[in-house]
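Student: Before anything else, here's the structure in question.
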Amino acid sequence: MLILGTLPGPVSLEKRQYYAQSRNAFWPIMGELFGAGPELAYGARLRKLQQHRVAVWDVCRSAYREGALDASIDAGSIVPNDLAGFLRTHAAIRVICFNGQTAARLYRQLVLPRLPEALRDLRCEILPSTSPAYAAMRLEQKLAKWQIVRRAAGRIGGRPG
């Protein structure tokens, strides 16, 4: 399983850690789903996700953005990650989950048209953004929607979901 965000924010870039902004719900949700919560050191969180066959990356390799909001990304500056190459070398990936609508939209626009036919049929799930800027849902509501990640990872890895 691959979880795709849009682009690391300033705090994540500074700390060189995915979802490093303390109010982002990603790690609390991963804690509930896989025991990879923010109380663990970053490396331990990544190992927990790996044990459950969950990879984390971003649609954008680089882009210009004022601040941390996805809405501030300059569309003309986006350089997508080589997801086709990643998916070819990680052929076990069967599900892509998007951390928010923007990641899904950019994937559809910038990545999907460039994927070989054999990689276009992967199951895709759009999940509510874990960003603190997405305040339309409380943490409990986001967690309920993100349960699909644990269920899918369980089926993929052969463990109960």
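The values are calculated or read from the model by the stated rules, or taken from the named source; none is laboratory data. Being a predicted model, the structure only gives us computed values, none of them experimental. In this analysis, Cβ positions are derived from the backbone assuming ideal geometry, glycine residues included, and neighbour counts consider all displayed protein chains. With ligands, DNA and RNA removed, areas are computed over all heavy atoms of the protein, side chains included. Shrake-Rupley method; radii C 1.70, N 1.55, O 1.52, S 1.80 Å.
Student: For ARG94, what accessible area in Å² do you get when you roll a 1.4 Å probe over the heavy atoms of the protein chains, rounding to the nearest 10?
Tutor: Per-residue accessible area (ARG94): approximately 140 Å².
Student: Assuming a ≥ b ≥ c are the square roots of the Cα gyration tensor eigenvalues, decide whether the range 20-161 counts as rounded (a/c under 1.5), prolate (otherwise, with a/b larger than b/c) or oblate. If you can, show how the numbers build up before the last one.
Tutor: Details: a/c = 1.67, a/b = 1.10, b/c = 1.52.
Judged from the Cα gyration tensor, the range 20-161 comes out oblate (a/c at least 1.5, b/c at or above a/b).
Student: Between LEU112 and LYS15, what length comes free when the chain is fully extended (0.36 nm per residue of separation minus the Cα-Cα distance, one decimal in nm)?
Tutor: 31.9 nm
Student: Compute the accessible area per residue over the chain, keeping the other protein chains in place, probe 1.4 Å, unit Å².
Tutor: 54 Å²
Student: How fast does the range 82-161 diffuse by Stokes-Einstein, in µm²/s, taking the Kirkwood radius from C-alpha pairs at 20 °C and 1.002 mPa s?
Tutor: Here the translational diffusion coefficient equals 154 µm²/s.
Student: Related question: Please list 1-13, 36-48 highest first by mean number of surrounding beta-carbon atoms within 10 Å per residue.
Tutor: 1-13, 36-48
Student: Given labels modelled 7 Å from the Cα in the Cβ direction, how far is it in nm from ALA144 to GLU66?
Tutor: 3.7 nm
Student: Using only the Cα atoms of the range 37-88, what semi-axes does the equivalent ellipsoid have when each is the square root of 5 times a gyration tensor eigenvalue? Give whole Å, largest first. Mind dumping the intermediate values first?
Tutor: Values: eigenvalues 144, 61, 9 Å².
For the range 37-88, the semi-axes come out at 27, 17, 7 Å.
Student: 222 nm [θ] for the chain, helices only, -39500 (n - 2.57) per DSSP H run of 4+, per residue, to 500? Walk me through the intermediate numbers first.
Tutor: Working: 6 runs with 57 residues, N = 161.
Mean residue ellipticity at 222 nm (helix-derived): -10000 deg cm²/dmol.
Student: Let me ask something additional. On the accessible surface of the chain, probed at 1.4 Å, how many percent belong to carbon and sulfur atoms?
Tutor: Of all accessible area on the chain, carbon and sulfur atoms account for 52 percent.
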